[in-house]
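Undergrad: Sharing a structure, written as structure tokens. Questions coming.
The values are calculated or read from the model by the stated rules, or taken from the named source; none is laboratory data. Note that the coordinates shown come from a computational prediction; the quantities given were computed from them, not determined experimentally. Note that we place each Cβ from the backbone using ideal geometry, even for glycine, and neighbour counts take in every protein chain shown. Only protein heavy atoms, including side chains, enter the accessible area calculation; ligands, DNA and RNA are left aside. Shrake-Rupley method; radii C 1.70, N 1.55, O 1.52, S 1.80 Å.
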Amino acid sequence: MISLILFTLGASLYIAPDLGAAPYDAIAPIITQRTKLSYRTARITQDVLFMVAAVIVGGPVGFGTIIVAFFTGPLISWWNDHVSNPMVKTINDATKPKEERNQNSAVMLLSHIGKRT
């Protein structure tokens, strides 16, 4: 479980700011952009389909594989909503020219973090 949490946090931190994505990690965002599916649903569907394909060709599928297939999408979505997207927004706001910046951005960041925890 700790590995899954750290993996999904890492994936969220590099996907949210559009730093690129590994081919496998890029499938769900592409599906999300082209359909009305949420990222969570697209990722679960993707992972389950690949897991079924692994079973069909005789690959090893254990309890951990099943957990990862069903929880990667929801956890990445949660990290995006609560950590990565607010962080990207804060960094983007902080790097705007001084006249465009909100003077209280640090205070707003701290107040938003306090509300989430």
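Undergrad: Counting only heavy atoms of the protein chains, get the accessible area per residue of the range 1-59 (1.4 Å probe) and round it to a whole Å² value.
TA: In whole numbers, the range 1-59 has 65 Å² accessible per residue.
Undergrad: Could I get the Rg over Rh figure for the range 11-51? Both from C-alpha atoms, Rh via Kirkwood, rounded to two places.
TA: We get a ratio of 0.96 for the range 11-51.
Undergrad: What ranking do 13-19, 51-57 get when scored by the average of other Cβ atoms within 10 Å per residue, highest first?
TA: 13-19, 51-57
Undergrad: Please report, in cubic angstrom per residue, the volume enclosed by the convex hull of the alpha-carbon atoms of the range 1-69.
TA: Value for the range 1-69: 95 Å³ per residue.
Undergrad: Moving to a separate point now. Ranked by accessible surface with a 1.4 Å probe, highest first, in what order do THR95, THR32, THR45 come?
TA: Accessible-area ranking of THR95, THR32, THR45, largest first: THR95, THR45, THR32.
Undergrad: Using all Cα-Cα distances in the range 41-101, what percent lands in each 5 angstrom bin from 0 up to the longest?
TA: Answer for the range 41-101: a P(r) of 4, 16, 17, 14, 11, 9, 8, 7, 6, 4, 3, 1, 0 percent.
Undergrad: Please give the solvent-accessible surface of ASP81 in Å², to the nearest 10, using a probe radius of 1.4 Å with every protein chain present.
TA: So the heavy atoms of ASP81 present about 90 Å² to solvent.
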